[in-house]
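**Q** Before we start, here is the structure in question, set down as structure tokens.
The values are calculated or read from the model by the stated rules, or taken from the named source; none is laboratory data. Here the structure is a predicted model, which is why all the values come from computation and not from measurement. In this analysis, Cβ positions are derived from the backbone assuming ideal geometry, glycine residues included, and neighbour counts consider all displayed protein chains. The protein model used for the area step is the full one, side chains on, heavy atoms only, and it has no ligands, DNA or RNA in it. Shrake-Rupley method; radii C 1.70, N 1.55, O 1.52, S 1.80 Å.
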Amino acid sequence: MIHSLFLINSSGDIFLEKHWKSVVSRSVCDYFFEAQERATEAENVPPVIPTPHHYLLSVYRHKIFFVAVIQTEVPPLFVIEFLHRVVDTFQDYFGVCSEVVIKDNVVVVYEVLEEMLDNGFPLATESNILKELIKPPTILRTVVNTITGSTNVGDQLPTGQLSVVPWRRTGVKYTNNEAYFDVIEEIDAIIDKSGSTITAEIQGVIDACVKLTGMPDLTLSFMNPRLLDDVSFHPCVRFKRWESERILSFIPPDGNFRLLSYHVSAQNLVAIPVYVKHNINFRDSSSLGRFEITVGPKQTMGKTVEGVMVTSQMPKGVLNMSLTPSQGIHTFDPVTKLLSWDVGKINPQKLPSLKGTMSLQAGTSKPDENPTINLQFKIQQLAISGLKVNRLDMYGEKYKPFKGIKYMTKAGKFQVRT
């Protein structure tokens, strides 16, 4: 299975390595570095790279490449899913997953990785179990460990490991019993110059934070469960009940976990929440060009579009840009030719616009194609697919928990062609 794991930063330095079976030389990462050089962006590095004696499988998150080395053929998604679980575990343990934090907590990192894989095979990947095996670092615990020479390894086996519900520890008690669910949808879309949708799809997740006493049994039902396509569940979900009734029935883990992830790819179900009006002109035999863009809301059910960020990679012939935004701050880097406009919140009564001129290199011909515009945005209290939670019920315990549902839509790779 997995022989080694290398953590590589954005500068190409290997700052952590872990070996389970036999030590694999760092030189195997040279194949990865070659693929990285060929890729224009970090996200475009191939997730699977074959080498003469190994396969390299990688994920890129938080500006770190997590590269697993395997020698035998295994389902690649199995390894990639495990790497994502490693990142999520680090985030859960340390609050953030970054090179600095990993270096500061290197002992805990090695202890956690040792428990997550046994001889290269996944063993304990559930956060609840890991936290009982390896205590999360605190300032006090770090000081005590430094003085006494002890470690964060727990004294007892996790209680959940010995039960039929391995993802939940026994004897959980809370004074405030609460269950919160976040429905987060990310929309990926390509819009052509006339405003028509070329492709659009939604990647959605339901993240939960459950802090309930005892062993509660929850059921979650939706208004329109048929929307959900290509669904992936947490192991706690009873799949038979979902297949027959389209209801999520589960005994939840304690704390934060991802209940399910889903995909909506039917074009008619994907509403586009924003539009961009654009007028970008490059004239032949002229040193000036015209640049105008306006951003506005569309199909947002009256919700506010906020956190709007517009970026565009301008052609090499553009020397500089003299632009005036109606709101927000814009920057143009003459070296990288990257235009950024931090719009902020969109007011439907006064749509934000960016207008001005471009200084073009003298004697250069008109660019073959106009630049594309990339958008980032988020909309609170809206699931753009129309997914709605109907009700959440609890069985097996007598108390009444506090329940909350929150929706959010944000842009993934949202591109407008001009």
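**Q** Determine the relative contact order of the stretch 301-418: mean sequence separation of Cα pairs under 8 Å and six or more apart, normalised by residue count, in whole percent.
**A** Values: 199 pairs, mean separation 38.0, N = 118.
In percent, rounded to a whole number, it is 32.
**Q** I want to verify the translational diffusion coefficient of the stretch 159-215 in µm²/s; compute it with Stokes-Einstein, Rh as the Kirkwood radius over Cα pairs, at 25 °C and 0.890 mPa s.
**A** Numbers: Rh = 15.1 Å.
Translational diffusion coefficient: 163 µm²/s.
**Q** As a test of reading the structure, rank Arg61, Arg417, Arg169 by solvent-accessible area (1.4 Å probe, protein chains only), most first.
**A** Values: Arg61 55, Arg417 100, Arg169 80 Å².
Output order, biggest surface exposure first: Arg417, Arg169, Arg61.
**Q** Then there is this: Which whole-Hz ³J(HN,Hα) couplings does the stretch 273-284 yield from phi under the Karplus relation 6.51 cos²θ - 1.76 cosθ + 1.60, θ = phi - 60°, glycine and proline marked x?
**A** Working through the residues one at a time gives x, 9, 10, 10, 8, 9, 9, 10, 10, 10, 9, 5 Hz.
**Q** Another question, then. Once phi is turned into ³J(HN,Hα) by the Karplus curve 6.51 cos²θ - 1.76 cosθ + 1.60 with θ = phi - 60°, what whole-Hz value does each residue of the stretch 240-257 show in order, with x for glycine and proline?
**A** These are the phi-based 3J(HN,Hα) values: 4, 5, 5, 4, 7, 10, 6, 10, 8, 10, 6, 9, x, x, 8, x, 8, 7 Hz.
**Q** Taking amide H atoms as placed 1.01 Å from N in the peptide plane, list the residues 5 or more away in sequence, or in a different chain, whose amide H sits under 5 Å from that of Gly204.
**A** Glu186, Tyr262, His263, Val264
**Q** In debye to the nearest 20, how big a dipole does the stretch 2-148 give about its Cα centre with +1 on each Lys and Arg Cβ and -1 on each Asp and Glu Cβ? Don't skip to the end; give the middle numbers.
**A** Working: 11 positive and 19 negative charges, 50 e Å.
Dipole of the stretch 2-148, to the nearest 20 debye: 240 debye.
**Q** While we're here: Give me the percent of the accessible area of the stretch 312-378 that comes from carbon and sulfur atoms, probe 1.4 Å, all protein chains in place. Don't skip to the answer; put the middle values down first.
**A** Values: 1900 of 3820 Å².
Roughly 50 percent, rounded to a whole number.
**Q** Enter the accessible area per residue of the stretch 274-380 (Å², integer; probe 1.4 Å; all protein chains in place).
**A** Values: 5830 Å² over 107 residues.
Counting only protein heavy atoms, the per-residue value for the stretch 274-380 is 54 Å².
**Q** Now for a separate question. Kindly rank 313-321, 388-396 from highest to lowest mean number of other beta carbons found within 10 Å of each residue. Each step should come with its number before you reach the end.
**A** Numbers: 313-321: 16.7, 388-396: 13.3.
The most tightly packed comes first, giving 313-321, 388-396.
**Q** Also: Percent of Cα-Cα pairs more than 33 Å apart in the chain, please. Let's see the in-between values first.
**A** Numbers: 42228 of 87153 pairs.
The calculated P(r) of the chain puts 48 percent of pairs beyond 33 Å.
**Q** Let me check against my output: what whole-number percent is the relative contact order of the chain, with C-alpha pairs under 8 Å and at least 6 apart? Mind showing how you got there, number by number?
**A** Values: 860 pairs, mean separation 59.1, N = 418.
For the chain, the relative contact order is 14 percent.
**Q** Here's another thing I want to ask about it. Could you put Lys398, Lys63, Lys355 in order of accessible surface area, largest first, with the 1.4 Å probe and the full protein assembly present?
**A** Working: Lys398 200, Lys63 145, Lys355 90 Å².
The residues order as Lys398, Lys63, Lys355, largest area first.
**Q** So how many Lys-Lys pairs in the stretch 274-380 land under 27 Å Cα to Cα, not counting same-chain pairs under 8 apart?
**A** Counting lysine pairs in the stretch 274-380 gives 29.
**Q** Can you give the Kirkwood hydrodynamic radius of the stretch 217-375 from its Cα pairs, in Å with one decimal? Present the calculation step by step, with values, prior to reporting the outcome.
**A** Details: mean 1/r = 0.0512 Å⁻¹.
By the Kirkwood definition, the hydrodynamic radius is 19.5 Å.
**Q** Another one. Between helix 29-38 and the chain, what is the angle of the helix's C-alpha long axis to the longest principal axis, kept within 0 to 90° and rounded to the nearest 10?
**A** Rounded to the nearest ten degrees, it is 20.
**Q** Checking the a/c ratio against 1.5 first, then a/b against b/c, what shape does the Cα gyration tensor give for the stretch 30-137? Kindly include the intermediate steps, with their values, before the conclusion.
**A** Working: a/c = 2.35, a/b = 1.48, b/c = 1.59.
It is oblate, given that a/c is not under 1.5 and a/b is not larger than b/c.
**Q** Please list, in order along the stretch 205-210, the HN-Hα scalar couplings obtained from phi with the Karplus expression 6.51 cos²θ - 1.76 cosθ + 1.60 (θ = phi - 60°), rounded to whole Hz, x for Gly and Pro.
**A** Working through the residues one at a time gives 9, 10, 9, 10, 10, 10 Hz.
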